[in-house]
Amino acid sequence: MWIKLLFFAISGGLLFKQILEPEIAKRGALHWFILIFSSLCLIALGGDIAYHYITHDPERIGSLRFVARKLGIEDRGAAALDCPSDPKSFDNLPKAQKQECALVEAKAADALQYKRAVAIGTAESFAEYVKACDLCVYKTEATAQALRISRLAEVRLDDEHFEDARRVNTFGAYSQYVNTCKVCRHVDLARLEIKSFEAASSLKQQPIEGPASGVSPRHRGRFALTRGIALDTNSGLMWRRCALGMTMTQGTCAGTPEQLTIEQADDRIKDYSAEGYSDWRLPTDAELWTLVDRQIGDQVTGKLFIDEEVFPRLARTTGGNVIYLARRADQTGFIKCAAVNFVVPFYSHAYCWSDYPKLLVRGKSSK
């Protein structure tokens with residue numbers, strides 16, 4: 001076919017050259033011969049090419065060329081693409097051309113099979129392609145797609161299991177998630193929740209004594225409030241209601257939190273006395289996380305996931321977050337501190353030189 005097109009172009013060029021040649025009548029019989037010969041060649045080749053495309057299945061030819069172009073075999077020429085549609089004509093082809101046509105047909109079928117798998121878009125469809133394909137041109141892509149889709153499905157299932165544990169919100173629910181998860185994207189947070197339940201269970205048996213002043217506490221949920229102190233009746237921990245650097249005045253916290261690193265805060269509270277006690281300390285991450293209350297928090301309205309009547313005037317960062325720093329109960333890793341955001345809520349490891357505000361607590365530390 002390409003040879004025919006080449007002769008077609010040469011004949012056309014000769015014809016136009018003779019037509020445009022000035023004083024053609026004076027040039028002699030040779031020029032007239034070239035003119036007539038090129039015209040006849042142009043007509044014959046043009047008719048043959050037109051007949052070829054009319055008598056072949058144009059849709060099939062187009063699909064083969066598309067597949068050949070996508071598979072990078074278009075440079076094989078007419079033998080790879082000029083395949084007749086009827087069996088009789090195909091049988092008359094040379095052996096080499098038959099092999100080329102059969103290869104293109106096989107790759108076209110393979111491409112169609114892969115396209116169907118892509119259209120379905122499931123891990124099973126790609127796995128079925130890999131299992132049933134003959135040439136398997138797209139085996140690598142299909143295998144990768146099947147693994148990716150399976151991974152996404154496992155991640156979604158893992159998220160659902162963790163949300164179920166959150167809705168139940170019990171020690172057993174979080175423990176079951178940790179023991180049965182496969183992807184385990186939320187395992188750190190689940191273990192933190194487990195630590196919180198363990199801390200509450202151990203400390204509840206040894207409640208901290210209330211203030212010695214004899215003032216009757218005001219109860220707010222699980223907290224017993226007395227001036228600047230909040231006694232958690234679940235865990236037995238006693239919290240200072242205002243951040244370090246602020247003081248309780250007329251039912252709210254006045255002043256601004258001190259911007260200290262963990263080490264600076266430790267030095268600050270060595271001889272620190274407030275609300276009649278001098279044994280305040282920084283909380284662990286598990287203890288600080290017990291203050292998260294999902295029943296009152298709402299990200300849509302901006303209501304914090306901590307009781308703001310118990311802990312008023314919580315300091316916000318420039319980005320609007322309410323982040324407080326704590327020491328990690330697990331001190332084996334490189335990062336020894338953690339941060340809890342009461343806007344999201346969100347727990348993350350944090351560097352100990354961060355100067356986020358700090359709440360103080362009394363009671364047995366949950367290790």
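Every number here is computed from the coordinates shown, using simple stated rules; none is lab data. All figures in this text were calculated on a predicted structure; none of them were measured in a lab. Methodologically, a virtual Cβ is constructed for each residue, glycine included, from the backbone with ideal geometry; neighbour enumeration extends over all protein chains shown.
For the stretch 152-187, a residue qualifies if it is within 21 Å of ALA338 (Cα to Cα) and free of Cβ contacts under 8 Å to residues at least 12 places away in the same chain, and exactly one does: VAL187.
Considering ARG185, ARG166, the condition of being outside any helix (DSSP H, G or I) and under 24 Å from ARG328 (Cβ atoms) is satisfied by ARG185 alone. Test LYS95 against the stated conditions and say whether it is basic (Lys, Arg), over 30 Å from ALA286 (Cα atoms), out of contact with any Lys or Arg (no Cβ under 6 Å at 6 or more places or on another chain) and surrounded by 14 or more Cβ atoms within 10 Å (Cβ to Cβ). For LYS95, the condition - basic (Lys, Arg), over 30 Å from ALA286 (Cα atoms), out of contact with any Lys or Arg (no Cβ under 6 Å at 6 or more places or on another chain) and surrounded by 14 or more Cβ atoms within 10 Å (Cβ to Cβ) - is not met.
Scanning the stretch 278-329 for residues that are acidic (Asp, Glu) and in contact with a strand residue (DSSP E or B) (Cβ under 8 Å, 6 or more places away or on another chain), we see that the one that is nearest to ALA254 (Cα to Cα) is GLU309. Counting only residues that are more than 21 Å from the chain's Cα centre (by Cα) and not aromatic (Phe, Trp, Tyr), the stretch 175-189 holds 5 of them.
Only residues that are hydroxyl-bearing (Ser, Thr, Tyr) and either in contact with a helix residue (DSSP H, G or I) (Cβ under 7 Å, 6 or more places away or on another chain) or crowded, with 16+ Cβ neighbours inside 10 Å (or both) were counted across the stretch 273-295, and they come to 3. Specify which of the listed residues (ASP271, ASP266) is part of a loop (DSSP other than H, G, I, E, B), farther than 26 Å from VAL344 by Cβ and not hydrophobic (A, V, I, L, M, F, W, C). On inspection, the qualifying residue turns out to be ASP271.
For the stretch 246-255, state whether one or more residues are surrounded by 15 or more Cβ atoms within 10 Å (Cβ to Cβ), in contact (Cβ under 8 Å) with a residue 12 or more places away in the chain and part of a loop (DSSP other than H, G, I, E, B). Yes, the conditions are met somewhere in the stretch 246-255.
Condition check ((1) over 30 Å from GLN295 (Cβ atoms); (2) crowded, with 17+ Cβ neighbours inside 10 Å) across all residues:
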residue	(1), (2)
LYS115	yes, no
GLY121	yes, no
SER125	yes, yes
TYR129	yes, yes
CYS133	yes, yes
CYS136	yes, no
GLU141	yes, no
GLU163	no, no
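Scanning the stretch 123-145 for residues that are assigned to a helix (DSSP H, G or I) and of a type in the set (Val, Ile, Thr), we see that the one that is nearest to LEU112 (Cα to Cα) is VAL130. One residue stands out among those in the stretch 274-301 that are touching a Ser or Thr at 6+ places or on another chain (Cβ under 7 Å) and assigned to a helix (DSSP H, G or I): the one that is nearest to VAL340 (Cα to Cα), which is TRP289.
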